[in-house]
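A.B. asks: One structure, pasted below without further comment.
The values are calculated or read from the model by the stated rules, or taken from the named source; none is laboratory data. Please read all numbers here as calculations on a predicted model, not as lab measurements. Cβ sites come from the backbone with ideal geometry, for glycine too, and all protein chains shown count toward neighbours.
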Amino acid sequence: MIPELGMFALILGLLLAMAQAFFGLVGAWREDPAWMSVARPAVAGQFVFVATGFACLVHSFVVNDFSVLYVANNSNTELPLFYRVAAVWGAHEGSLLLWVTILAIWSLAVAAFSRGLPPRFASRVLGVLGLVSTGFLLFTLWTSNPFKRLIPAAADGASLNPILQDFALSIHPPMLYTGYVGFSVAFAFAVAAMLEGRLDQAWAKWTRPWTICAWIFQTIGITLGSWWAYYELGWGGWWFWDPVENASFMPWLIGTALIHSLSVTEKRGIFKSWTLLLAIFAFSLSLIGTFLVRSGVLVSVHSFATDPKRGLFILAGLLVTIGGSLGLYAWRAPKLYVPGGFELFSREFFILVNNVLLVSVAGLVLWGTLAPLFYELLGIGKISVGPPVFNLMFLVPMLPMMVFLAIGMHSAWRRGKLSVAAKPIWWLLAAGLVIALAVQRWIYGSVHLVSMVGLAFGIWIMFSSLLEPLQRWRKGQRMTAAVAGMAIAHFGVGMFAIGVSTVNTYKIEKDAAMKPGAVFSIAGYDFKFVSAHDVAGPNYEAVQALVTVTHDGKLVATLKPQKRHFAVQQTDNSHAAIAVNAGRDLFVAMGDPLGDGAWSMRIQYKPLVRYVWLGALVMAIGGAVAASDKRYRVKAPVTTAEAIAPPPKPDPAPGVA
Amino acid sequence: MWKWKFVLPIVAFLALIVLFAFGLNPKRDLHYLPSPLIGKPAPQFALSDVLDPNRIVSNGALKGHVYVFNVWATWCGACREEHETLLAISRQNVVPILGLDWNDQRDRAQQWLQQLGNPYQGVGFDDKGRVAINWGVYGAPETYLIDRQGRILYKHIAPMTMNVWNKQFLPRIAAARRGGA
């Protein structure tokens, strides 16, 4: 009964999404206030019914209703409650429902916080969001119904894939989807602006906090996924350039470019068509990512169960959504062009460089992801683009980007002159180079040019991002959230850079065959395999090894990696044990038993690897601080639709992005 | 004058759509991995038979015959899925099927064949996985077609289906018999 209620709720949600789209868009076109006023309640109703549908599916999982096919395929009575709930989004159908639910939440937020916007514009934004919801709800109900019954019901379920039974991975999809879906808000703002045929600084001011929020969630989502891959897959790597990772990374890169481009549109009223294009791209790449992951077009370790019908449906959706918006762009964007000059080495110049480089990386990643498909189409044969190629494609644009970032933070709008705070900038670069050289020479024992430069630039960016806050503090000036947010986020970029440069150069990864009592040494650490014994988990049996790590005879860590066996799925899963401190990770994972009590052990030394995720987290915090800036909370005083275009005013405050 | 640049994104996007549409082509075989061994002589092996440890199974004995070589294991769910198909193929009696039980336990494999039926002329017991390495086995199940000269003609990764058998194997078997007389 509950599953049928859930499905019925989704159908009602679909009808309301259609009403939201129709009255929002057609009402705005006819300028009929009565029609436009339907959009907001429709959003609220859509949210209520979609959330009800989602709650029904959660209920089916919680009560172990194995007469629902999706529950029978992804849950089990032995699965702990927490993972039974997380199993809701453990496979295609449920994760799609999660996607739709998050879209309903974003729509609700937009409906609630858009009362200060001109009514016609707000109505169009909600209408576009309604169209997106309609597409996704149709997709869910038509090709991926999570409530499909299994008759006769299964006695017990097939359970959730063991590698997904993990805390970080349970919250990774909701975070990531909140980011993905959040870009639909920027997209809706962009399409609404094109329908209006006008776009001004106020538009950028409304769009920017929404975009930053989406970007924060996506940053956290990607970080969680990377951290999970590191400790749960048992490989000790943190990024694999897998098609699914790329699918989340491309919208992130474009989203990052968009946040910066929006600041130029907000402050100077220029870069309009470029900003629009980025807003369309960010969401388009989210959709394309969905297509690639769920259609079976590319082979990936993450792939969902695929079905050609689904692929065709998403392809049609892409054609309508992306094709439609880009068509609108080709038609309307030329009219939005405003000439606006800026000097070389002005803030606008640096952000333009940042945008070009970020978009280039996204383009290269897209090429690398699709190259196998493209080569196959041309009949050249099967190729695969491996991590070394991706690493190079990432590194080459990123090194100059770091230089532009360290300097660009201190540039002024319009004029090519750095702020007074930037005086010591070149000394700091020199300091960064000296520190990097010293660290590599004395701590890690060897100097590697490229990673030394990366490390130096990372240190330089961290120093440089502190200059402006320091200057304000010394002079007793007010610290705005915008300045603090920018400093924090860029400091995070520096942390990320030192982490990546160091771990990629000085990591040590060894596989050893060890018997109890054996010692294996890397980087001055002695790993002793003391013993192995059986332990039992809630839904698995495991062999747990006891490994002690000593450094110069002193005990550093006691590690307990496990090799888990999940009886329901008949699969094994290695659970790594990691000793963490500020300088390095010591990583031990169990491989396969080799007989006679011997095990293959994966032993790794990972210097500064934590800074990769910590840096990303700090970036997200910086974003949150920047989005909390007061200027985004001031309601635009709006009485008529004309207020969408206040006269452009010069902005006196440099150093605010 | 420079309006064309605003049209550029949609043109690029439509090109992408063509690529995606190609990717969705149901005839496209995702599992197709060209094996470097295609056209090359099939690696020789001699292993003890799963059912009768004293009997030696070798592909040398099939020289001069077209035969099918199937890699399976009891731990492989997809192998269970294709077993019915293999039985049906063996009943057609077109070519002999040689099996390779890969990284498995003998008692389980024996139970499997006794309970489900045995489509194989003989099954080599490859508990160390050495023979599978020589054949470049990528994962179970895999099915190979070998011609009279002992060369690998075709390799199918993923469970065998009647469709694959009729479309990929039977025509090649007929051609191999016509050609290599």
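Conditions (1) in contact with a Gly (Cβ under 8 Å, 6 or more places away or on another chain); (2) among the aromatic types (Phe, Trp, Tyr), marked per residue:
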position	(1), (2)
A:Phe8	no, yes
A:Leu16	yes, no
A:Glu31	no, no
A:Asp65	no, no
A:Arg84	no, no
A:Glu93	no, no
A:Leu98	no, no
A:Phe113	no, yes
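A.B. asks: For segment A:227-236, state whether one or more residues are within 14 Å of chain B (Cβ to nearest Cβ) and surrounded by 23 or more Cβ atoms within 10 Å (Cβ to Cβ).
C.D. replies: Here is the first cut: in segment A:227-236, the ones within 14 Å of chain B (Cβ to nearest Cβ) are none.
No, segment A:227-236 contains no residue that is within 14 Å of chain B (Cβ to nearest Cβ) and surrounded by 23 or more Cβ atoms within 10 Å (Cβ to Cβ).
A.B. asks: Name the single residue, out of those in segment A:453-469 being free of Cβ contacts under 8 Å to residues at least 40 places away in the same chain and out of contact with any Leu (no Cβ under 6 Å at 6 or more places or on another chain), that is surrounded by the most Cβ atoms within 10 Å (Cβ to Cβ).
C.D. replies: Across segment A:453-469, the extreme among qualifying residues is A:Ile459.
A.B. asks: Now for a separate question. I'm told A:Ala155 meets every condition in (1) among the hydrophobic types (A, V, I, L, M, F, W, C); (2) touching a residue at least 60 places away in the same chain (Cβ under 8 Å); (3) assigned to a helix (DSSP H, G or I) except one. Can you identify the failing condition by its number?
C.D. replies: Every condition holds for A:Ala155 apart from (3).
A.B. asks: Determine if segment A:409-419 includes at least one residue that is among the small types (Gly, Ala, Ser) and within 14 Å of chain B (Cβ to nearest Cβ). Before the answer, list the steps.
C.D. replies: Going through segment A:409-419, the residues among the small types (Gly, Ala, Ser) turn out to be A:411-412, A:416, A:419.
Filter again for within 14 Å of chain B (Cβ to nearest Cβ), leaving none.
Looking for residues that are among the small types (Gly, Ala, Ser) and within 14 Å of chain B (Cβ to nearest Cβ), one finds none in segment A:409-419, hence no.
A.B. asks: Pick from segment A:277-299 the residues that are touching a Leu at 6+ places or on another chain (Cβ under 7 Å) and either away from chain B (no Cβ under 12 Å) or closer than 21 Å to A:Trp331 by Cα (or both): which of them is surrounded by the most Cβ atoms within 10 Å (Cβ to Cβ)?
C.D. replies: Residues of segment A:277-299 touching a Leu at 6+ places or on another chain (Cβ under 7 Å): A:278-280, A:282, A:287-288, A:291-292, A:295-299.
From what's left, either away from chain B (no Cβ under 12 Å) or closer than 21 Å to A:Trp331 by Cα (or both): A:278-280, A:282.
Values: A:Leu278: 27, A:Ala279: 29, A:Ile280: 28, A:Ala282: 32.
Going through the qualifying residues, I end up with A:Ala282.
A.B. asks: Which of the following residues is under 29 Å from A:Pro538 (Cβ atoms) and under 25 Å from the mean Cα position of the chain (by Cα): A:Leu108, A:Leu97? Don't jump to the end; show me each part of the working.
C.D. replies: On the way: A:Leu108 fails: under 29 Å from A:Pro538 (Cβ atoms).
Going through A:Leu108, A:Leu97 in turn, just one is under 29 Å from A:Pro538 (Cβ atoms) and under 25 Å from the mean Cα position of the chain (by Cα): A:Leu97.
A.B. asks: Could I ask something else about it? So if I check each of B:Lys128, B:Lys155, which one is within 14 Å of chain A (Cβ to nearest Cβ) and more than 27 Å from A:Val568 (Cα to Cα)? Explain how you work it out, then say what you get.
C.D. replies: Numbers: B:Lys128 fails: more than 27 Å from A:Val568 (Cα to Cα).
Answer to the selection: B:Lys155.
A.B. asks: Report the residue count in segment A:325-347 for those that are part of a loop (DSSP other than H, G, I, E, B) and either away from every other protein chain (no Cβ under 13 Å) or under 29 Å from the mean Cα position of the chain (by Cα) (or both).
C.D. replies: Filtering segment A:325-347 for residues part of a loop (DSSP other than H, G, I, E, B) gives A:337-346.
Filter once more, keeping what is either away from every other protein chain (no Cβ under 13 Å) or under 29 Å from the mean Cα position of the chain (by Cα) (or both): A:338, A:340-346.
Total satisfying the criteria: 8.
A.B. asks: Moving on to the next point. Condition first: outside any loop (DSSP other than H, G, I, E, B), more than 30 Å from A:Trp367 (Cβ to Cβ) and in contact with a Pro (Cβ under 8 Å, 6 or more places away or on another chain). Now tell me which residues in segment A:199-244 satisfy that.
C.D. replies: Selection gives A:Gln201, A:Ala202.
A.B. asks: Just checking, which of B:Leu100, B:Leu116, B:Leu170, B:Leu145 is modelled with pLDDT of 90 or more and within 19 Å of B:Trp75 (Cα to Cα)? I'd like the intermediate steps shown before the answer.
C.D. replies: Details: B:Leu116 fails: modelled with pLDDT of 90 or more; B:Leu170 fails: within 19 Å of B:Trp75 (Cα to Cα); B:Leu145 fails: within 19 Å of B:Trp75 (Cα to Cα).
The unique qualifying residue is B:Leu100.
A.B. asks: Within segment A:329-355, take every residue that is farther than 15 Å from B:Ala12 by Cα and aliphatic (A, V, I, L, M) and give me the one that is surrounded by the most Cβ atoms within 10 Å (Cβ to Cβ).
C.D. replies: Top of the filtered list is A:Ile351.
A.B. asks: Still on this structure, I have one more. Being free of Cβ contacts under 8 Å to residues at least 40 places away in the same chain and either under 27 Å from A:Ala122 (Cα atoms) or charged (D, E, K, R) (or both) narrows it down to one residue among A:Val48, A:Val43, A:Val62; which is it? Step through it out loud before you land on a result.
C.D. replies: Working: A:Val43 fails: free of Cβ contacts under 8 Å to residues at least 40 places away in the same chain; A:Val62 fails: either under 27 Å from A:Ala122 (Cα atoms) or charged (D, E, K, R) (or both).
From the options A:Val48, A:Val43, A:Val62, the qualifying one is A:Val48.
A.B. asks: Evaluate segment B:93-108: report whether one residue or more is among the polar types (S, T, N, Q), in a helix (DSSP H, G or I) and without any contact (Cβ under 8 Å) to a residue 12 or more places away in the chain. Before the answer, list the steps.
C.D. replies: From segment B:93-108, those among the polar types (S, T, N, Q) are B:93, B:103, B:105; that's our starting set.
Filter again for in a helix (DSSP H, G or I), leaving none.
No, segment B:93-108 contains no residue that is among the polar types (S, T, N, Q), in a helix (DSSP H, G or I) and without any contact (Cβ under 8 Å) to a residue 12 or more places away in the chain.
A.B. asks: Across segment A:108-127, what is the number of residues that are touching a Phe, Trp or Tyr at 6+ places or on another chain (Cβ under 7 Å) and at pLDDT 95 or above? Lay out the reasoning, then the answer.
C.D. replies: Initially, segment A:108-127 is screened for residues touching a Phe, Trp or Tyr at 6+ places or on another chain (Cβ under 7 Å), giving A:108, A:117, A:125.
Then drop every residue that is not at pLDDT 95 or above, which leaves A:108, A:125.
Qualifying residue count for the region: 2.
A.B. asks: Mind listing whichever residues of segment A:537-555 are touching a residue at least 12 places away in the same chain (Cβ under 8 Å), within 27 Å of A:Asn581 (Cβ to Cβ) and surrounded by fewer than 17 Cβ atoms within 10 Å (Cβ to Cβ)?
C.D. replies: Residues satisfying the conditions are A:Leu546, A:Thr548, A:Thr550, A:His551, A:Asp552.
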